[in-house]
Structures are given as C-alpha cells and as structure tokens.
1. For the range 13-53, what is the relative contact order in percent, using Cα pairs closer than 8 Å and at least 6 residues apart in sequence?
2. Ignoring ligands, DNA and RNA, what accessible area per residue does the chain give at 1.4 Å, in Å²?
3. Give me the percent of the accessible area of the chain that comes from carbon and sulfur atoms, probe 1.4 Å, all protein chains in place.
Amino acid sequence: MKKYQCTVCNYIYDPAKGDPDGDIAPGTAFEDISDSWACPVCGASKSDFEPVE
C-alpha cells in the first residue's frame, strides 16, 4: 500500500502502521480513511496529503 505525506508538516501516513491515536487500524489504506480525518501532527485535512513516490 502506498504511503502519503502531509504537504503542510511532512508527516508520512504509513498504512502498515495506521494512526492509532486517530482510531485508524494498521493495514488501513489511505483511500479508506474518512475524509474528516486530519493529520495527527498539524491537523491539516486529508486533502493536504500527496502520495509518496
């Protein structure tokens, strides 16, 4: 699964790790996260993330 990076603070969402503090289970693809989810570091919206090549 592809990783995604926050364009505001450079946080990397890694699907293998999920976001335990945001109730996102490990193994959850970025596409499957709710659109209301926010970056756990800076609070940026999901739309502020871009795929990491």
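1. Values: 38 pairs, mean separation 10.3, N = 41.
Contact order relative to length: 25 percent.
2. Details: 3370 Å² over 53 residues.
Here the per-residue accessible area is 64 Å².
3. 47 percent
The values are calculated or read from the model by the stated rules, or taken from the named source; none is laboratory data. In this text, all values refer to a predicted model and were calculated from it rather than measured experimentally. Note: accessible area is taken over every heavy atom of the protein model, side chains too, but ligands, DNA and RNA are not part of it. Shrake-Rupley method; radii C 1.70, N 1.55, O 1.52, S 1.80 Å.
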